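The values are calculated or read from the model by the stated rules, or taken from the named source; none is laboratory data. The shown structure was predicted, so the numbers you read here are calculated from the model rather than taken from an experiment. Cβ: placed from backbone, ideal geometry, glycine included. Neighbour counts: every protein chain shown. For accessibility, only protein heavy atoms count, side chains too; no ligands or nucleic acids. Shrake-Rupley method; radii C 1.70, N 1.55, O 1.52, S 1.80 Å.
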Amino acid sequence: METLEQIKARLEKILPLTRLDLLPNECPAGEHSLLVDAASGFAVAQFLRDDPQLLLDYCSNVTGIDWPQATIKTKVKKQVLVEGVAKEIEETIETLRSGHLEVVYHLYSMALKQGPVVLRLRTENRTDNTRLPSLTPLWRGAELQEREIYDLYGVIFEGHPDLRRILMWDDFVGFPMRRNYVAPDDFEYEPTPHDEVLQAAKKHYPAEVKP
Amino acid sequence: MNSIAELPPRSFAVKPKLDGHGEPMGELLEISMGPHHPSTHGVFRMDVVLDGEEVVKLKPVFGYLHRNHEKIGEAVSYLSTMPYTDRLDYFCSMTNNWAYALTIERLAGLAVPERAEYIRVIMAELTRLQNHTCLIGFFVQDMGALGTPMMYAFREREKILDLFESASGARMMCNYMRFGGVRVDVDDAWLAQAKQVTNDYGKFLDEFEAFLTQNEILLARTQHVGVLPRALAINASITGPMLRAAGVNYDLRKVDKYGIYSRFDFKVPVGEHGDIYDRYMVRVLEMRESIKILQAALRDIPAGPFMDPKAKLRGFRPKPGEVYGRIEGPKGELGFYVISDGSPNPYRYRVRPPSFINLTILEDMCLGHKISDAVVILGSVDIVLGEVDR
């Protein structure tokens, strides 16, 4: 199978407007991934599915990941001359990672029995622009998994045929798989007055919702 | 908290059929089947719209057993998740353990000793035997054969669960595999008993098949019912016996050759029509192949260590990175996707549940069939709600 570098080079020829990044993976299994910007995500996925050399007809796994805003500390080794002698110093570089949600697709080929190609899409932020193109029109196998990611992370997949909550109930508020989600003391408040359970539940509901 | 823009409401109304003058022909009946229906295999609900007895719309509804398995997996250490994977598909805890152990071994680059690989294959194939046997029992029961076939299946299953119990201490929640091996070794008496069970299993399958394979009612209820076309099966990421019944030769034991499956000589049964009967037959033939694998594994199992001595279970901190590991579970491709950030807990822990994804095409298979067929079609998908809802 082609390496990810070769796939990326071919994609850059065919879709010149696409912003593609190779994300290295330090794990011994070496499943590097391809980060695509949201605007051209669908076109790239379609290429990967239909290209005769790849034929990634099987979308095995769709994962949502939450990356909140954080400062990342990376240690870099540096050669420094101290009093005429070369010394190696470890330097910590702090970079600010803007918060975003990420969706990872693991693509395999059943026809050619090869894979995986790991495709990543990122939303702009975690609050008001969490839209991504849905890949369900290409692989129906993504249908329930994208619904699950919408349910638990709040990524809105544009072009999904039936985007509703799937595991949580319909009037549930919030996205429980996000890193900063705080679960209420009790999910099921009991409508019995003079009850301390009711008092505890009241704290978690906004003022306009009168239990 | 919910600051994301609301989606526009969607209409799922189904219009009744119209006659030539635009008048509706009778009324549609909407049934909420489940969650406490005996043939939904757990707490599972189908919102079915019927025209007479014919299904015109079907929406699966689940989440009744949802406990956010993945969130809990991110809050505890790598090893603590191992017993929790038992509860995903509670019929096949051994294969769940293996899939998770395999993923973490790939993440950390651990090796597995020879004997442990053989024990894993033996456990996985025994799991496959008991899962397929029980599934056939269940779905024959869904067709109305109350009790008897299922009890035959459960009698055989209990023999295999006895083996699991004597090896791991628990019948169903085995918690048996570890990163780099298995938790405890099996002794010669256990292997002799496993050999006995394996050799007798062929006879049981003959008996089972004599009752079912040519049975007129079973043929009438299953052939040309719930047909899943080959192209749709691939596109909808269907895996396991359902995919192979649709005519796709894709078995991860052959494709990925994980563990030591390249050493065994076995065939992959593939269906032709993609209907329920093919799914039944593929499972029966798969069990016969499993018996072959088991006999070879029980014959060849070497002596030696059952744990990698370098594997460190407590305070296990793999290097940062991510990995997707998958095995051929009895229900389909069971995958785990783990991202490590170097801490004792995984940053992201994702389960790829085969029976959840196999439900994608439930509506496509049921449309146009009778409501009683929808029950059998659901039975042939082979779902376990512990895994669907997670």
Give, in nm to one decimal, the length gained when the segment between residue B:158 and residue B:249 is fully stretched (0.36 nm per residue of separation minus the Cα-Cα distance).
29.6 nm
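Within chain A, what is the longest stretch that has no GluC sites (Glu not before Pro) placed in a DSSP loop and near at most 14 other beta-carbon atoms within 10 Å? Write down the numbers at each step before the final one.
Numbers: sites that count: A:2, A:26, A:83, A:188, A:208.
Formally, the longest exposed-site-free interval is A:84-187.
What is the calculated FRET efficiency for residue B:200 to residue A:88, with r their C-beta to C-beta distance and R₀ = 60 Å, to the nearest 0.05?
Numbers: r = 67 Å, r/R0 = 1.11.
E between residue B:200 and residue A:88, to the nearest 0.05, is 0.35.
Can you give me the orientation-averaged projected area of the convex hull built on the Cα atoms of region A:10-105, in nm²?
For region A:10-105, the mean projected area of the Cα convex hull comes to 9.8 nm².
Give the relative contact order (percent, whole number) for region B:107-219; include only Cα pairs under 8 Å separated by 6+ residues. Working shown, then result.
Working: 76 pairs, mean separation 27.8, N = 113.
In percent, rounded to a whole number, it is 25.
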Once both labels are modelled 7 Å past Cα along the beta-carbon direction, what's the residue B:146-residue B:319 spacing in nm?
6.2
Taking a straight Cα-to-Cα line shorter than 14 Å from residue A:8, and setting aside same-chain aspartates and glutamates fewer than 8 residues away, one finds A:21, A:37, A:51
Compute the Cα gyration tensor for region A:76-144, then decide on rounded, prolate or oblate, letting a ≥ b ≥ c be the square roots of its eigenvalues: rounded whenever a/c is under 1.5, prolate when a/b is larger than b/c in the other cases, and oblate in all that remain.
oblate
If Rh is defined by the Kirkwood formula over all Cα pairs and Rg also comes from Cα, what ratio Rg/Rh do you get for chain B?
1.00
Probe radius 1.4 Å, ligands and nucleic acids ignored: give me the carbon and sulfur share of the accessible area of region A:1-145 as a rounded percent.
52
Calculated FRET efficiency for the pair residue B:32/residue B:114, C-beta based, R₀ 35 Å, to 0.05:
0.10
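Using a 10 angstrom Cβ neighbour count of at most 13 plus a DSSP loop assignment to flag exposed chymotrypsin sites (Phe, Trp or Tyr not before Pro), which longest range of chain A is free of such sites? Could you put the intermediate results ahead of the total?
Values: sites that count: A:169, A:187.
Longest run free of exposed loop sites: A:1-168.
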For region B:217-226, in order, what is each residue's ³J(HN,Hα) by Karplus, 6.51 cos²θ - 1.76 cosθ + 1.60 with θ = phi - 60°, in whole Hz (x at glycine and Pro)?
5, 5, 4, 5, 7, 10, 6, 6, 10, x
What's the angle, to the nearest 10 degrees (0 to 90), between helix A:142-153's Cα axis and the longest principal axis of chain A?
60
Highest GNM mean-square fluctuation among A:38, A:29, A:70, for chain A with Cα springs under 10 Å, belongs to A:29
Please compute the Cα-Cα pair-distance distribution of region B:291-346 with 10 Å bins starting at 0, giving whole percents from short to long.
17, 26, 36, 20, 1
Of B:117, B:125, B:207, the one that fluctuates the most in a GNM where chain B has Cα springs shorter than 10 Å
B:207
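Over region B:45-181, what lengths in whole Å, largest first, do the semi-axes of the equivalent ellipsoid take, defined as the square roots of 5 times the eigenvalues of the alpha-carbon gyration tensor? Present the calculation step by step, with values, prior to reporting the outcome.
Values: eigenvalues 217, 101, 29 Å².
Sorted largest first and rounded, they come to 33, 22, 12 Å.
Which of the three applies to region B:216-288, rounded, prolate or oblate, going by the alpha-carbon gyration tensor with a ≥ b ≥ c and a/c under 1.5 meaning rounded?
On the way: a/c = 3.47, a/b = 1.59, b/c = 2.19.
Because a/c hits 1.5 or more and a/b fails to exceed b/c, region B:216-288 counts as oblate.
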Charge dipole (debye, nearest 20) of chain A; +1 at Cβ of Lys and Arg, -1 at Cβ of Asp and Glu
620
Helix A:4-14 against the longest principal axis of chain A: what's the angle in degrees, Cα atoms only, rounded to the nearest 10?
90
Using only the Cα atoms of region B:238-390, each taken as one equal point scatterer with no solvent, compute I(q) by the Debye sum, divide by I(0), and report log10 of the ratio at q = 0.12, 0.14, 0.17 Å⁻¹.
-0.68, -0.87, -1.09
Under a point spin-label approximation (7 Å from Cα along Cα-to-Cβ), what is the residue A:125-residue B:272 distance to one decimal in nm?
6.1
Which angle between 0 and 90 degrees, to the nearest 10, do you get for helix B:93-108 versus the longest principal axis of chain B when only C-alpha atoms count?
60
Projected onto their principal axes, the Cα atoms of the protein assembly as shown stretch, largest extent first, over whole-Å spans of 92, 74, 65
Relative contact order [Cα under 8 Å, 6+ residues apart], region B:20-100, whole percent
16
For region A:1-47, listing trypsin sites (Lys or Arg not before Pro) in a DSSP loop whose Cβ sees at most 13 other Cβ atoms within 10 Å gives A:19
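What FRET efficiency comes out for the pair residue A:21/residue A:96, r = Cβ-Cβ distance, R0 = 22 Å, nearest 0.05? All intermediate terms of the calculation are to be shown ahead of the outcome.
On the way: r = 18 Å, r/R0 = 0.82.
Efficiency computed from Cβ-Cβ geometry: 0.75.
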Hey, could you pull the Cα Rg and Dmax for region B:138-272, both in Å?
18.3, 49
Across all directions of projection, what mean area in square nanometres is found for the Cα convex hull of region B:304-390?
8.3
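List, in the order given, every pair from A:113/B:257; A:203/B:71; B:203/B:267; B:57/B:370 whose Cα-Cα distance in the structure shown is over 22 Å.
Working: A:113/B:257 12 Å; A:203/B:71 24 Å; B:203/B:267 20 Å; B:57/B:370 12 Å.
From the list (A:113/B:257; A:203/B:71; B:203/B:267; B:57/B:370), the Cα-Cα distance tops 22 Å for A:203/B:71.
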Cα-projected label distance for residue B:47 with residue B:312, points at 7 Å along beta-carbon direction, nm:
5.2
In a Gaussian network model over chain A where Cα atoms closer than 10 Å are linked, find which of A:145, A:199, A:46 has the largest mean-square fluctuation.
A:199
May I ask you to give the average projected area over all directions of the convex hull of the Cα atoms of chain A, in nm² rounded to one decimal?
18.4
